[in-house]
Amino acid sequence: MTEQGLMSELDRLISEGRNPRTMDIDLLPTVDVLRRINDEDKGVAGAVEKVIPEIAIAVDRIVDAFRKGARLIYMGAGTSGRLGVLDASECPPTFRVPEEMVVGLIAGGPDALVHATEGAEDDQRMGAKALQDIALTRDDVVVGIAVSGRTPYVVGGLNYARQLGATTVALSCNPASTIAGIADIAISPVVGPEVLTGSTRMKSGTAQKLVLNMLTTASMIRIGKSYQNLMVDLRPSNKKLVARAIRIVMQTAGCTAAQAKQALDSTGNDVKLAILVAITGMDVEAARAALGRAGGFLRKAISDRTAA
């Protein structure tokens, strides 16, 4: 695309518009600059709320993929790519899932996480190649993340995924975007023009972060990774998480810290298993088998044991 063509395309994007409420922001004292930013941020959650039906459809498709042993794959460039990698990287410690279950791809590779490599987004072929390199299958779900909805790296990736038969999701902040037209499911929270024109790491980035958190958290809940509102599948990999694990066992089983620690020690720090042992008095292997019969859902395993 020519420079003039790209400028014309950007002119049509809501996320690239000038915000009439911040035209004087460079004249304001610090506290008023911050208030203006905060005022704009207040509308982000409302914009996400409007697209919950589309998010729900995506979550159900992700759950289907997980149950088949397939993956959720995020891909994006710049801020969008970094947010995808961030959300993916937090799933293994939070939900005790394999690192390959939720994958984050960013244009330019790992170096782009800490260094600006914005030119890496301009080649559609690189988006397709990134998915080929991780052996994308038709059972996987690919979420293309691009505020503008036109990033070539993401467009190329979604086109390849679509051709392969994988489920495709577009996350942008512009309705009727290019990627929305490609994907099976389009999630487009419209947050309006940014405080600083075109600085889409701000409101648009916040909206993307909210949606990505919803996609993974809701999907993990739906496959049994929580009990009530507790993270019973967390991986206690540092002192803080060990303490959190002990508290979770205490809160669910109504036991002492010493009893909770004993249950965790006996199960190899498997929080979900430790809770079932502490609540039911089952031995570890019997509890593990009960969880297996319950499909990993702790609430069902407890209910089945009580009913028996």
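The values are calculated or read from the model by the stated rules, or taken from the named source; none is laboratory data. This is a predicted model, so every value here is computed, not measured. In this analysis, Cβ positions are derived from the backbone assuming ideal geometry, glycine residues included, and neighbour counts consider all displayed protein chains.
Okay, here's what the table says:
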quantity	calculated
Residue match in the range 31-53 (condition: more than 27 Å from the chain's Cα centre (by Cα) and surrounded by 14 or more Cβ atoms within 10 Å (Cβ to Cβ))	yes
Residues (of a type in the set (Asp, Glu), surrounded by 19 or more Cβ atoms within 10 Å (Cβ to Cβ) and assigned to a loop (DSSP other than H, G, I, E, B)) located in the range 112-158	Asp140
Hey, Pro193 surrounded by fewer than 24 Cβ atoms within 10 Å (Cβ to Cβ) and in a loop (DSSP other than H, G, I, E, B) or not	yes
Filter result for Ser237 (among the polar types (S, T, N, Q), touching a residue at least 24 places away in the same chain (Cβ under 8 Å) and in a loop (DSSP other than H, G, I, E, B))	yes
So Leu164, is it surrounded by 13 or more Cβ atoms within 10 Å (Cβ to Cβ), in the same structural domain as Pro193 (by TED's automatic domain parsing) and either within 18 Å of the chain's Cα centre (by Cα) or in contact (Cβ under 8 Å) with a residue 60 or more places away in the chain (or both)	no
Condition met for Ser80 (of a type in the set (S, T, N, Q) and crowded, with 19+ Cβ neighbours inside 10 Å)	yes
Test: Ser188 is under 30 Å from Ala290 (Cβ atoms), surrounded by 21 or more Cβ atoms within 10 Å (Cβ to Cβ), small (Gly, Ala, Ser) and at pLDDT 95 or above	no
So Val169, is it in a helix (DSSP H, G or I), at pLDDT 95 or above and closer than 23 Å to Ile57 by Cα	no
Matching residues in the range 198-234 - criterion: being part of a loop (DSSP other than H, G, I, E, B), surrounded by 18 or more Cβ atoms within 10 Å (Cβ to Cβ) and small (Gly, Ala, Ser)	Gly224, Ser226
Odd one out for Gln132 among (1) among the polar types (S, T, N, Q); (2) at pLDDT 95 or above; (3) farther than 21 Å from Ser89 by Cα	(3)
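Okay, residues lined up against (1) surrounded by 21 or more Cβ atoms within 10 Å (Cβ to Cβ); (2) of a type in the set (A, V, I, L, M, F, W, C); (3) more than 30 Å from Ser89 (Cβ to Cβ):
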{"residue": "Asn238", "(1), (2), (3)": "no, no, no"}
{"residue": "Val249", "(1), (2), (3)": "yes, yes, no"}
{"residue": "Ala253", "(1), (2), (3)": "no, yes, yes"}
{"residue": "Lys261", "(1), (2), (3)": "no, no, no"}
{"residue": "Asp283", "(1), (2), (3)": "no, no, yes"}
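Per-residue answers, yes or no, for (1) under 16 Å from Met214 (Cα atoms); (2) surrounded by fewer than 23 Cβ atoms within 10 Å (Cβ to Cβ); (3) of a type in the set (Gly, Ala, Ser):
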residue: Ala58; (1), (2), (3): yes, no, yes
residue: Lys68; (1), (2), (3): no, yes, no
residue: Leu72; (1), (2), (3): yes, no, no
residue: Cys91; (1), (2), (3): yes, yes, no
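Let's see how each residue does on (1) closer than 25 Å to Pro175 by Cα; (2) at pLDDT 95 or above; (3) touching a Pro at 6+ places or on another chain (Cβ under 8 Å):
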{"position": "Glu9", "(1), (2), (3)": "yes, no, no"}
{"position": "Asn38", "(1), (2), (3)": "yes, yes, no"}
{"position": "Ile62", "(1), (2), (3)": "yes, yes, no"}
{"position": "Pro93", "(1), (2), (3)": "no, no, no"}
{"position": "Val97", "(1), (2), (3)": "no, yes, no"}
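Conditions (1) under 27 Å from the mean Cα position of the chain (by Cα); (2) more than 30 Å from Lys68 (Cβ to Cβ), marked per residue:
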position: Val249; (1), (2): yes, yes
position: Thr267; (1), (2): no, no
position: Ile279; (1), (2): no, yes
position: Ala286; (1), (2): no, no
position: Ala289; (1), (2): no, no
position: Arg299; (1), (2): yes, no
position: Ser303; (1), (2): no, no
position: Thr306; (1), (2): no, yes
